[in-house]
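Student: Sharing a structure here in structure tokens format.
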Amino acid sequence: MQPITRFLEDEAATIQLGEDLALALKPGDCLALSGDLGAGKSTLARAFLRAIADDDTLEVPSPTFTLVQSYELRIPVAHFDLYRLGHASELDELGFDEALSLGVCLVEWPERAEEALPANRIVLSISHEATGRSVSISGPDNALERIARTLAIRDFLTENGFRDARRRHLSGDASVRAYERVDGRDGHPVRILMDAARHKPGPILQDGKYYQQLAHIAEDVIPFVAIDELLRERDFAAPAIYARDLDQGILLIEDLGSDGILDEDGAPIEARYVESARLLARLHAAPARREIVLAGGVEHHIPDFDRTAMKIETRLLIDWYLPWKRGTPATEPEKQEYAAIWDGLIDLVETSEKNLLLRDFHSPNIIWRAEQDGIQRIGLIDFQDSMIGPTAYDVASLVQDARVTIEPALAHQMMDAYLADRRAAGPFDEALFLRDWHLMSAQRNCKLVGIWVRLMQRDGKPVYMKHMPRTFAYLEVALRHEALKPLRDWCMKTGLIGPESAN
């Protein structure tokens, strides 16, 4: 990848570049800042550190005499100034390798120890040009891709009237999406930037398709924009979209707030969960429009939660969870029997009530807006993977929240509230819905137990394994329905659950 060049017209532009780089660098990156005295290296480093700290007043003393200054921030950062370094070998004594293993190293005057710095370092060279500064950034392709992305987001904001906006890290999730808080210097209220570059294709698994295609996982931002429009048409509180670049996968959207449906200790707030269940009843009371045409003629067809999608998700249990649990892969007979069981269960879905399925309707994606009334109190996000499928799916997702333990009493409250509102809205087959609730609960939890292992083993994210006991407890509840007996028997035979779960 060719070096990235930028012209910085003044000190404010240098500060802005430092802030933008804070959103691109990650642990293990070494950023070597090269340039003459007064070129702006310290200004850029200070801006970088304050952005990661999200503190414009953070004291950033020059490490000229101490040689290194360490900061325990969202990402640990070690700021080195090697101007007074006697010999490159002294870098070891300063703890450079350890600092790099834990976080980011900013290095001013890298020329003093060039042979001791990692070969894959990022080199940012600053030189005076006219009344401003010229910057050239070189390094490994993966790092330059991240830097090019953060600069593309800056250009997007500039082109849409947010030239001086301050950007701060907000969150990332188990997917490739990341979110930023955009606020401050331009005088606008806080807004959220969604950074969702198009998915890179994975390995082909079936019918010439990769996992995202088979499971109907959104590959770009078009589904989010389309479902957002659909929800807002029906007076649900999805975020307004202020600016968008569908090709690059960048959206600037409304900040619905930061209050959720959990208390400060992470426990469910019962009234908020019950209101969320009632929102689903409202959503399911009218059919969803499947074909959505956006401005510019871009079309989105909401896909079905079809047999292929259901089975590719349930395979996660046998492909990831079972080998991890037992230490050996599933046998071919086990795989065939498991697939046949799910074929039979999915046959039942032919009679299910179907509507818009938000897919991940649980605590991380529900915003509580106390200042609003009615269903506007429930803010909706992360619905880009929506499909048309059994209405019971989202109810199971909420009542068995994957991220927090829902006690039976609260689960009953939510189910009662949902069922009462559905009965009041018109004809409703409650027995069929309850069968589907158990079926969709089993489908979802068979997927999740595999996802937790995959996140740990493939993606290096072991923190999600803390949800495993809860997910299996939810699965055992699902398996109590008589329609799930074949799956329950298979789980008992393979040792995944004990006989007590049949009660």
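Student: Testing the spin-label approximation: label points 7 Å from Cα along Cα→Cβ at SER134 and ASP459. State their distance in nm.
Tutor: Going from the SER134 label point to the ASP459 one covers 4.3 nm.
Student: With labels modelled as points extended 7 Å from the Cα through the Cβ direction, what inter-label distance (nm, one decimal) is found for ASP164 paired with LEU37?
Tutor: 3.3
Student: Counting only heavy atoms of protein chains, what accessible area per residue, in Å², does the chain have with a probe of 1.4 Å?
Tutor: 44
Student: For the range 333-379, which trypsin sites (Lys or Arg not before Pro) pass both filters: DSSP loop (anything but H, G, I, E, B) and at most 16 other C-beta atoms within 10 Å?
Tutor: ARG369
Student: Any idea what log10 I(q)/I(0) is at q = 0.13, 0.20, 0.28 Å⁻¹ for the range 195-250, Debye with uniform C-alpha scatterers and no solvent?
Tutor: -0.43, -0.79, -1.07
Student: May I pose another question? Label GLN212 and TRP324 with points 7 Å out from Cα along Cα→Cβ: what is the distance between them in nm?
Tutor: 2.2
Student: Please list the helices of the chain that count as membrane-span-like by this rule: a mean Kyte-Doolittle hydropathy of at least -0.5 together with Cα atoms stretching 20 Å or more along the helix axis, each helix being a complete DSSP H run.
Tutor: Correct list, ordered by number: 141-159, 270-284, 408-425, 430-457.
Student: As an exercise, use a Förster radius of 25 Å and the Cβ-Cβ distance of ASP92 and PHE7 to find the FRET efficiency, rounded to the nearest 0.05.
Tutor: So, using R0 = 25 Å, E works out to roughly 0.10.
Student: From Cα pairs below 8 angstrom and at least 6 apart in sequence, can you work out the relative contact order of the range 323-388, rounded to a whole percent?
Tutor: Normalised by residue count, the contact order of the range 323-388 is 28 percent.
Student: OK, next. Give me the percent of the accessible area of the range 1-138 that comes from carbon and sulfur atoms, probe 1.4 Å, all protein chains in place.
Tutor: With neighbouring chains kept in place, the figure for the range 1-138 is 48 percent.
Student: Could you name the lysines whose alpha carbon sits less than 27 Å from that of LYS209, not counting residues in the same chain fewer than 8 places away?
Tutor: Result set, ordered by chain and number: LYS200, LYS311, LYS335, LYS354, LYS447, LYS461.
Student: Follow-up. Pulled fully out, how much extra length does the chain show between SER258 and ASP141, if you take 0.36 nm times their separation in residues and subtract their Cα-Cα distance?
Tutor: Stretched fully, the SER258-ASP141 segment lengthens by 38.6 nm.
Student: Of the heavy-atom accessible surface of the range 329-371 (probe 1.4 angstrom), what whole percent is carbon and sulfur?
Tutor: Its accessible area is 55 percent carbon and sulfur atoms.
Student: At a 1.4 Å probe radius, carbon and sulfur cover how many percent of the accessible area of the range 376-503?
Tutor: Looking at the range 376-503 in its full context, I get 56 percent from C and S.
Student: Related question: In the full protein assembly as shown, how much of ASP56 is accessible to a 1.4 Å probe, in Å² to the nearest 10?
Tutor: 80
Student: With a cap of 12 neighbouring Cβ atoms within 10 Å, and only residues DSSP puts in a loop, list the trypsin sites (Lys or Arg not before Pro) found in the range 456-489.
Tutor: Passing sites in the range 456-489 are ARG458.
Student: Before rounding to the nearest 500, sum -39500 (n - 2.57) across all DSSP H runs of length at least 4 in the chain and divide by the residue total; then give [θ] at 222 nm in deg cm²/dmol.
Tutor: After summing the helix terms and dividing by the residues of the chain, the value is -12000 deg cm²/dmol.
Student: Next question. Could you list the residues of the range 340-377 with an amide nitrogen less than 14 Å from a label point located 7 Å from the Cα of GLU482 in the Cα-to-C-beta direction?
Tutor: Of the residues in the range 340-377, none has backbone N under 14 Å from the label point off GLU482.
Student: Using a Cα-Cα cut-off of under 17 Å, which lysines could be cross-linked to LYS485, ignoring same-chain neighbours fewer than 8 residues away?
Tutor: LYS493
Student: What FRET efficiency, computed as 1/(1 + (r/R0)^6) with R0 = 25 Å and r the Cβ-Cβ distance, is obtained for ALA119 and ALA197, rounded to the nearest 0.05?
Tutor: According to the calculation, E is roughly 0.40.
The values are calculated or read from the model by the stated rules, or taken from the named source; none is laboratory data. Note that this is a predicted model, so its numbers are computed, not measured. FYI the Cβ positions are ideal-geometry reconstructions off the backbone, even for glycines, and counts take in every protein chain you see. The area values use the complete protein model at the heavy-atom level, side chains included, leaving out ligands, DNA and RNA. Shrake-Rupley method; radii C 1.70, N 1.55, O 1.52, S 1.80 Å.
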